[in-house]
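A.B. asks: First, the structure itself, so that you have it in front of you.
Nothing in this text is a laboratory measurement; each read-out follows from the coordinates by a stated rule. In this text the structure is predicted, and so the values were computed from the model without any measurement. Neighbour counts run over all protein chains shown; Cβ positions are idealised from the backbone, glycine included.
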Amino acid sequence: MSEVLYRKYRPQKFGEVVGQKIIKTILQNAVRLEKPAHAYLFTGPRGVGKTTLARIMAKAVNCLAPAEGEPDTICQNCEGVQAGRFLDLIEIDAASYTGVDNIRDIIEHVKFTPSQGRYKVFIIDEVHMLSRAAFNALLKTLEEPPAHAIFILATTEIHKVPATIISRSQRFDFKRMAMAEIMEVFEKITLDSQLKIETEALKLIAQAADGSIRDGLSILDQVSSFSAEEITLAQTEDILGIARLSSTQNFIDKMIIGDQQGAVKFVKDLSFQGKDLTQWTRSVLEYLRLILLVKIDSNNLAEIGLSTEENVKLGRHAASLPAGRLMEFIKHMLEAYRTTKISPVAELPLLMAVMTLLPENNAPSTFVEATADRQPPLSSKGGEDGLSNYPPATTSDHLQSVTIIDLGTVLDHWAEVMNKIKEYNHSLVSSLRLARILRIENLDVVLVFPYSFHKDTIDARKNKIIVEQVLEEVFGHPLRIKLFLERELGKDKDLLSEAVKVLGKLE
C-alpha cells in the first residue's frame, strides 16, 4: 500500500523543514546548548509545520548522538519516534480529549522519569479545544514542571488559549509558506517520485494550497492519481474545480469596462463548469490585493512573480482602477466571499456583487465617431482665438458603428502612439513618457503627470492637437486627452490605506 505524499515526505530534521527559519534556529540552538524550555506554544495556520517541528524537537532532545542540535535519525530513540513507538513521547489530540480527566492522566505520567530518553515530551495538538477545567489542571503543571518534562502545545486559534498558559510558554508564531517555498517542495517531490506534471499545473496547486504545505501535498496526491501520463493545467483545473489566473484577469477586465452582461455570464459559466466559487472568489480577492500593492508602489510589480503576460495585465488593471473604485471592488467581493460559503445558491452572492458594482444596463466603455453637427468643445483655458484644443472630427451624415476600445487596447498601442508623435515633435515624447494612463472615460484618454512642467507642455494648444491627431490616426476614432497632476489625485492615498485594512480581514 502506497504512502500518502505528506507522510512520505515529512521532514525528519530541522534542516529539512521548509520555511520557519527563525523558529528552526531557536529550537536547534536550544538542543545544541542543552537548554530546552519546559513549555513551547506553536501557533499558526494548519499545515505549516507545527506538529512536524514538535516531533523533530522531541527526537532531537532524546537523540543519542545529536550533531549541532540535529537528530541523527538513525539511533534507537530517533527510530522509535519516527515509528511511533517511543515511550517517552506522548501525543494527544485535544479536539478528541478535552476533559480534565485526560489532562490528569498526563499529569500522572509527568511524575515518572523517562524510560528510554532524557526527556518526556508531551505534544498536545489543538490545545485551544481543552475545557477550562483542563486548562486549570495543566496550568499547575506548567507552573512547576519537573526537569525531565517538555510540553509542546500546538494551536490554530491562539485567541482561545488562556493568557496564563501563554505566559508560561515560549510562543512561536508560524507563518504561511510563500508560493516559491511550496513550489520548491513540489519540484523536489515530483522529481523524486517521477511524477509528470506541467509547471503551470504545479503553480495552480501551490496557489490552491494557500500557504499550507500539507494541503498542497494532499492536492498533489489527488491530482497524481488522475493519469500515468503528464498531467496538464487543464486537467488540474477540472480536478480541483478552480480556474487559472487568466480567468480572474478576464473577469476583472469585464468589471473595469463596466460589462455587466459579460460579468454575469462569466459567473454563470463558472458555476455551470462546476468551479469552486468560494475558492474562485478568494482568488479574485487575492488578485485585487496584487492590484493594490502595485497601485501603492509600481516597483512591487517586479516582485510578484507572475508571467510577463500576467504582469502586463496586472499593470493595466492597477493603472485603470482609481483607488475609490478599487476599494469598492474589494468591499463587495469580500462580502461575496463570506456569504458564498453559506449561500444555498453559490453563485448568488457573486451575482449580487456584480449587480451592485456595475449600474443596471451598463454597457462596456465605447467610442462613437462624431457626427457632422456635433460642435467640438472650446478650450478649457479660453485661448485667445477661442478655437478648440481638439482636432476636427471626421464628418458623417449618420451615426457610425460603435467600436469598443478599452484601456488594454490603448496600452497595447501606446508605443506606436509615442513613435508617431516623435515624427511630429521629438521633444514631446520626453514629457509624454512620464505620463501614466489612468483610465479611459468616454472619448477621453486620462493622463496623469508627476510634474506640472510636463503637463503644461502637453497641454499647450499646438502640442495637444498633435497628440490627439496621432490618437485618431492610430485608433481610427477622434480621441481627446484629459490631463491631471498626481498631487491632484492625492486623496486616493487615504482610500488605498483603507483598502489595505479591508483586505487584511480576509481569512
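A.B. asks: Which lysines have a Cα less than 22 Å from the Cα of K268, not counting those fewer than 8 places away in the same chain?
C.D. replies: Correct list for K268: K254, K331, K341.
A.B. asks: Also: Kindly express, to the nearest 10 degrees and within the range 0 to 90, the angle between helix 245-257's C-alpha long axis and the longest C-alpha principal axis of the chain.
C.D. replies: Here the helix axis deviates by roughly 40 degrees.
A.B. asks: Rounded to the nearest 500 deg cm²/dmol, what is the calculated helix-only ellipticity per residue at 222 nm for the chain, with -39500 (n - 2.57) per DSSP H run of length n ≥ 4?
C.D. replies: Helices in the chain give a 222 nm mean residue ellipticity of -15500 deg cm²/dmol.
A.B. asks: Return the loop-located chymotrypsin sites (Phe, Trp or Tyr not before Pro) in the range 74-152 (DSSP other than H, G, I, E, B) with at most 15 other Cβ atoms within 10 Å of their own Cβ; answer none if there are none.
C.D. replies: F112
A.B. asks: If you don't mind, another one. Report the full-extension gain for the segment E184 to E286: residue separation times 0.36 nm, less the Cα-Cα distance, to one decimal in nm.
C.D. replies: 34.6 nm
A.B. asks: If I take every Cα pair under 8 Å that is 6 or more residues apart in the range 245-357, average their sequence separation and divide by the length, what percent do I get for the relative contact order?
C.D. replies: So the answer I get is 34 percent.
A.B. asks: For each of V312, V81, count neighbouring Cβ atoms within 10 Å of the residue's Cβ, then give the residues from fewest to most.
C.D. replies: On the way: V312 15, V81 25.
Fewest-to-most Cβ neighbours within 10 Å comes out as V312, V81.
A.B. asks: Quote to one decimal, in nm, the extra length available between Q261 and L301 on full extension: 0.36 nm per residue of separation minus the C-alpha distance between them. Walk me through the intermediate numbers first.
C.D. replies: Details: separation 40, 0.36 × 40 = 14.40 nm, distance 3.05 nm.
Length gained between Q261 and L301: 11.4 nm.
A.B. asks: For the range 1-88, give the magnitude of the charge dipole about the Cα centre (Cβ charges: +1 Lys/Arg, -1 Asp/Glu; no others), in debye to the nearest 20. Walk me through the intermediate numbers first.
C.D. replies: Working: 13 positive and 8 negative charges, 77 e Å.
Charge dipole of the range 1-88: 380 debye, to the nearest 20.
A.B. asks: Could you list, in their original order, any pairs among K35/K111; K13/K188; K420/K462; K21/K160; K24/K50 whose Cα atoms are separated by more than 18 Å?
C.D. replies: Details: K35/K111 20 Å; K13/K188 16 Å; K420/K462 16 Å; K21/K160 26 Å; K24/K50 11 Å.
From the list (K35/K111; K13/K188; K420/K462; K21/K160; K24/K50), the Cα-Cα distance tops 18 Å for K35/K111; K21/K160.
A.B. asks: From the list (i) 33.7; (ii) 27.1; (iii) 31.3, can you say which value of mean projected area of the Cα convex hull in nm² was derived from the structure given?
C.D. replies: Identified label for the calculated read-out: (iii).
A.B. asks: Points 7 angstrom from Cα along the Cβ direction at A415 and E34: gap in nanometres?
C.D. replies: Result for the modelled spin labels: 6.7 nm.
A.B. asks: Follow-up question, since we're still on this one. What are the ³J(HN,Hα) couplings of the range 32-46, residue after residue, when phi is run through the Karplus curve with 6.51, -1.76, 1.60 and θ = phi - 60°? Round to Hz, x for glycine and proline.
C.D. replies: Listing the rounded values in order: 4, 8, 6, 10, x, 6, 7, 8, 10, 10, 9, 10, x, x, 5 Hz.
A.B. asks: How far apart, in nm, are two points set 7 Å out from the Cα along the Cα-to-Cβ line at D444 and at L139?
C.D. replies: With each label point 7 Å from Cα toward Cβ, the separation is 6.4 nm.
A.B. asks: Sticking with this one: Can you tell which of T339, L245, G274 lies farthest toward the positive end of the dipole of the range 245-357, using +1 and -1 charges on the Cβ of basic and acidic side chains (Lys, Arg; Asp, Glu)?
C.D. replies: T339
A.B. asks: Shifting gears a bit: Can you compute the modelled spin-label distance between D173 and S225, with each label point 7 Å from Cα toward Cβ, in nm?
C.D. replies: 3.7
A.B. asks: Still on this model: With +1 on the Cβ of every Lys and Arg and -1 on the Cβ of every Asp and Glu, and nothing else charged, how large is the dipole of the chain about its Cα centre, in debye rounded to the nearest 20?
C.D. replies: 1540
A.B. asks: Still on this structure: Using a Förster radius of 41 Å, what is the FRET efficiency between K21 and M355 based on their Cβ-Cβ separation? Nearest 0.05, please.
C.D. replies: The pair K21/M355 has a calculated efficiency of 0.30.
A.B. asks: Right, another one. Could you state the angle between the C-alpha long axis of helix 323-340 and the longest principal axis of the C-alpha atoms of the chain, as a value from 0 to 90 degrees rounded to the nearest 10?
C.D. replies: 50
A.B. asks: Name the residue farthest towards the positive end of the dipole of the chain from the options G80, I213, L191, assuming +1 on Cβ of Lys and Arg, -1 on Cβ of Asp and Glu, about the Cα centre.
C.D. replies: The residue sitting most towards the positive pole is G80.
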